[in-house]
Amino acid sequence: MDSITQDTEMKQNGYTEVHKPVGGIFLEKTKEKITIYQAMKKRLLKPGTALALLEAQAATVGIVDPINNRILSVADAVKEEIVGPEMKEKLLTAEKAISGYVDPYTNQMISVFQAMLKDLVPKDYGLRLLEAQIATKGLFDPVEKTNISVETAIKKGYYEKGLLSDQMSELKVFYNPSSQENLNYQKLLEKCITEPDTGLVLLPVCIAFKGLRRGISSTELFESKIIDKETFDDLQKGKTTTQDVMLMETVKEYLEGKGSIAGIAVLSSNQRMSIYDAMKQGILMPGTALVLLEAQAATGFMIDPVENKKFTVDEAIKNKLFGPQYHAKLRSAERAVTGYKDPYTDDTISLFQALSKDLIVKEHGIRLLEAQIATGGVIDPVNSHRLPIEVAFKRGYFDEEMNGILENSGDDTKGFFDPNTEENLTYLQLIERCVIDPVTGLCLLPLLDTTKVVFEGIRETVTAKQLVEADIISEEVLEDLEQGKKSVKEVIEDENIKVYLQGTDSIAGILLPDSQIMTIYQARQKGKLRPGTALILLEAQAATGFIIDPIGNRKFSVDDAVKAKIVGADICQKLRSAEKAVTGYKDPYDGKIISLFQAMQTDLILKDHGIRLLEAQIATGGIIDPVNSHRIPVHVAYKRGYFNEEMNQILSDPSDDTKGFFDPNTQENLTYLQLMARCVTDPSTGLCLLPLKSKNNKININDNTKESFRTTTVAVKYGRFREKHTTLWDLINSEYISEDKRQEFFKLFKSRKITIEEIIVTIMEIIET
């Protein structure tokens, strides 16, 4: 094939300039260039990354020989040992991106994009090859045998506008060993250098050790006194490898640490579990769980002790290792690893420096610093590894005074809690009481059966005694829990108990006619919901527990929801006000926490607004006791002054005063309970979604028709309405009837081609099937 040097002309392919693919690897220390296959064999590249880079070559120009500055076909590259024979079949498949794929149905030559649409190549693989073509020479036309612009490709049906985006996880398969991050092809190209003589695009790689967040050079390890001069020289001369050095215990400790407390060992059942799961099951108090999770974040990684995996904080929440209520706090703790930003200089500074500048609370900072030292040493956030104590002093990441504070373990430094003995301890002391999991080698905190029994409430934990006092569980159940005859998990399996602790979900989001799910705020922003309708639905979420992300199936406090951009800052104050229905209002006279109903009684909130929120609470499981952080039965609410007969009567007899919610489909004012009855359940998340019906081709339903359907009662034998007498209006507007079918019924009824009786029979058949 032609020499690479002939391809020097810079053109436009529609969106990006024409570039060459990554042709080889440039070793920064020795100034040597090697093939991608050689880099894999030297263990400088991961096999998956090496294969993906070679596939990108094959799909754009051919296999690159950077040593002799040539482009070869896959077959020739294998013959000349530029790549290994084990890769041949996969690279031949990638090469079809420029030779064309054969359509098995028409026998015609088709493009990568068309092959992907016809399932001839996997979607993620096809997207990767398309990205490589766009990032280099342009998309390939297999019929004309030439590269074409994105615009032309779209016209010819070889591409689809907006198909690729930088955020797509399918594209981030290229692991850069120097920065230790997964990138897409375009971003990897940006990390490359161009060799002046040949124009070759080379990925620079240094001999790097794996740090906490990025690669570390051997020079940095030598300067940090983690390796000696002899080891450093041996690495430069190739007498020893990074793998050999990593096996040295002293080096391993500074790069990986000794490991924080990874999880909980329940001795009675010989069971290991994550710290968050232990809290959810009532085995650990939330405060204890949080400081243990913060210690994980501040010492390197969040740990899944069951699967034996480590994650960054953001990765951990995606893997449901902890709940959204802890996300912001753990991200903050993680800065002890990644660094804090100095507000004056914009420099990255360490945990100790942030503590010295009062950027974090002293007790909190000391706790995290002590955890770092207990697990291998103070972390240098700039260079992404731990340091010997004298180097930490030199770099300003620690000092003699703080060392003295931590060595003299007084109450100030005992920031951790032993749930077995109820003692305050240092992290080192708590680690010494841990056990090593023989399967994973992880450090687990053993829990004895003397441990306090707690349940997860709406915002705080709830003791079994509190549930007895609220008449939610009996004294017998309390005794069973205390004696270990029953677990918290077994108790909350009882739906009658679970509903008081967790409630039933409020209306979580919107379901569009095309089956797309949206948050309520998104629906407002896109004009699918009126601002007023959206606000009262979001207020109902806030007043019943949490703001809900129906797409990610996550729940947030109002402040966290704003940070996560589930709702906008423009309605934050109104939602914070509604959230007080959960967390409590402050009595202006005595400063005590009072409930939603009590706030209404003292005119702290408007009556109509209060009734709407109160009705939403009752519709989703019961009145919330803000002091004890759980819902309560009506008779207990009477006793505690959180409800009364008069208000119960108002809510039991829905009138225009209590119909504070609006159905955007029928334009009716409804109670929250009535609106929920018109919702559907998302089968994948179990969340309650309000379906929005299409406004196109809708039949205008007159009042007489509505009245006829509303006054016709139907006995249903199956489905959600089973054994309930409901109206035909409710049935025809339920999730059982599609929008098209509903409009068809109205059209036929209006033209007198179908009777009410015939509609009922048809609907019954639909529900039964």
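If I go through the range 475-502 residue by residue, how many of them are open to solvent by less than 100 Å² (accessible area, probe 1.4 Å), part of a loop (DSSP other than H, G, I, E, B) and modelled with pLDDT under 90?
So the answer is 3.
Just one of (1) farther than 30 Å from V61 by Cα; (2) open to solvent by less than 20 Å² (accessible area, probe 1.4 Å); (3) not basic (K, R) trips up Q243, so point out which.
Among (1) farther than 30 Å from V61 by Cα; (2) open to solvent by less than 20 Å² (accessible area, probe 1.4 Å); (3) not basic (K, R), the lone unmet condition for Q243 is (2).
Scanning for something surrounded by 14 or more Cβ atoms within 10 Å (Cβ to Cβ), hydroxyl-bearing (S, T, Y) and in contact (Cβ under 8 Å) with a residue 40 or more places away in the chain, does the range 723-734 turn up at least one residue?
Within the range 723-734, one or more residues are surrounded by 14 or more Cβ atoms within 10 Å (Cβ to Cβ), hydroxyl-bearing (S, T, Y) and in contact (Cβ under 8 Å) with a residue 40 or more places away in the chain.
If I filter the range 415-438 for residues that are touching a residue at least 12 places away in the same chain (Cβ under 8 Å), in contact with a Cys (Cβ under 7 Å, 6 or more places away or on another chain), closer than 18 Å to I303 by Cα and open to solvent by 20 Å² or more (accessible area, probe 1.4 Å), do I get at least one hit?
Checked against the condition, which is being touching a residue at least 12 places away in the same chain (Cβ under 8 Å), in contact with a Cys (Cβ under 7 Å, 6 or more places away or on another chain), closer than 18 Å to I303 by Cα and open to solvent by 20 Å² or more (accessible area, probe 1.4 Å), the range 415-438 yields at least one hit.
Could you check Q296 against (1) over 17 Å from A265 (Cα atoms); (2) crowded, with 21+ Cβ neighbours inside 10 Å and say which number it fails?
Failed condition: (1).
Can you find a residue in the range 373-394 that is on the phi < 0 side of the Ramachandran plot, within 27 Å of the chain's Cα centre (by Cα) and free of Cβ contacts under 8 Å to residues at least 40 places away in the same chain?
no
Looking at I63, I67, I36, I82 in this structure, which one is hydrophobic (A, V, I, L, M, F, W, C) and open to solvent by 60 Å² or more (accessible area, probe 1.4 Å)?
Only one candidate qualifies: I67.
Could you look through the range 510-527, keep only residues that are assigned to a loop (DSSP other than H, G, I, E, B), without any contact (Cβ under 8 Å) to a residue 40 or more places away in the chain and of a type outside the set (G, A, S), and pick out the one that is least open to solvent (accessible area, probe 1.4 Å)?
Step by step, filter the range 510-527, then rank; the result is Q516.
For the range 442-458, state whether one or more residues are polar (S, T, N, Q) and in a helix (DSSP H, G or I).
No, because not a single residue in the range 442-458 is polar (S, T, N, Q) and in a helix (DSSP H, G or I).
Would you check which residues across the range 153-197 are hydroxyl-bearing (S, T, Y), assigned to a helix (DSSP H, G or I) and surrounded by fewer than 17 Cβ atoms within 10 Å (Cβ to Cβ) and list them?
S169
Would you point out which residue out of L675, L687, L692 is of a type in the set (A, V, I, L, M, F, W, C), at pLDDT 90 or above and out of contact with any Pro (no Cβ under 7 Å at 6 or more places or on another chain)?
From the options L675, L687, L692, the qualifying one is L675.
Scan the range 259-292 for residues that are open to solvent by less than 10 Å² (accessible area, probe 1.4 Å), over 18 Å from V488 (Cβ atoms) and in contact with a Phe, Trp or Tyr (Cβ under 7 Å, 6 or more places away or on another chain) and report the count.
Total meeting the criteria: 0.
Go through the range 603-612 and give me each residue that's open to solvent by 60 Å² or more (accessible area, probe 1.4 Å) and part of a loop (DSSP other than H, G, I, E, B).
D603, L604, L606
Checking the condition of a type in the set (A, V, I, L, M) and in contact with a Lys or Arg (Cβ under 9 Å, 6 or more places away or on another chain), which residue from L221, L163, L183 passes?
Answer to the check: L183.
Here are E55, E81, E89: which of them is farther than 30 Å from I148 by Cβ and either free of Cβ contacts under 8 Å to residues at least 24 places away in the same chain or part of a helix (DSSP H, G or I) (or both)?
The unique qualifying residue is E81.
Just to check your reading of the model, which residue among V121, V143 is in a loop (DSSP other than H, G, I, E, B) and in contact (Cβ under 8 Å) with a residue 40 or more places away in the chain?
From the options V121, V143, the qualifying one is V143.
Given (1) touching a residue at least 24 places away in the same chain (Cβ under 8 Å); (2) aliphatic (A, V, I, L, M); (3) not in a loop (DSSP other than H, G, I, E, B), where does V761 come up short, assuming only one miss?
(1)
Within the range 552-592, track down each residue that is open to solvent by 80 Å² or more (accessible area, probe 1.4 Å), in contact with a Lys or Arg (Cβ under 9 Å, 6 or more places away or on another chain) and modelled with pLDDT under 95.
Hits for the range 552-592 are K586, K592.
Here's a check for you: in the range 446-456, which residue that is open to solvent by less than 20 Å² (accessible area, probe 1.4 Å) and out of contact with any helix residue (DSSP H, G or I) (no Cβ under 7 Å at 6 or more places or on another chain) is farthest from G365 (Cα to Cα)?
V454
Within the range 725-758, how many residues turn out to be part of a loop (DSSP other than H, G, I, E, B), of a type outside the set (A, V, I, L, M, F, W, C), within 37 Å of the chain's Cα centre (by Cα) and within 15 Å of I701 (Cβ to Cβ)?
So the answer is 1.
Can you list residue pairs whose Cβ atoms sit under 9 Å apart, with the first residue in the range 632-647 being over 18 Å from V462 (Cβ atoms) and in contact (Cβ under 8 Å) with a residue 24 or more places away in the chain and the second being among the small types (G, A, S) and surrounded by 13 or more Cβ atoms within 10 Å (Cβ to Cβ)? Count only pairs 6 or more apart in sequence or on different chains.
Close Cβ pairs (under 9 Å, with a partner that is among the small types (G, A, S) and surrounded by 13 or more Cβ atoms within 10 Å (Cβ to Cβ)) amount to G641/S595; F643/S595; F643/A637; N644/A637.
Out of the residues in the range 96-112 that are part of a helix (DSSP H, G or I) and open to solvent by less than 10 Å² (accessible area, probe 1.4 Å), which is nearest to K156 (Cα to Cα)?
Result: V112.
Say whether the condition of being acidic (D, E), within 26 Å of K528 (Cβ to Cβ) and either in a helix (DSSP H, G or I) or in contact with a Lys or Arg (Cβ under 9 Å, 6 or more places away or on another chain) (or both) is met by at least one residue in the range 703-712.
Among the residues of the range 703-712, not one is acidic (D, E), within 26 Å of K528 (Cβ to Cβ) and either in a helix (DSSP H, G or I) or in contact with a Lys or Arg (Cβ under 9 Å, 6 or more places away or on another chain) (or both), which makes the answer no.
The values are calculated or read from the model by the stated rules, or taken from the named source; none is laboratory data. Everything numeric in this text was worked out from a predicted model, so none of it was measured. Neighbour counts are summed over all protein chains in view; Cβ atoms, including those assigned to glycine, are modelled from backbone coordinates with ideal geometry. Remember, those area values only see protein heavy atoms, side chains included, never the ligands or the DNA or RNA. Shrake-Rupley method; radii C 1.70, N 1.55, O 1.52, S 1.80 Å.
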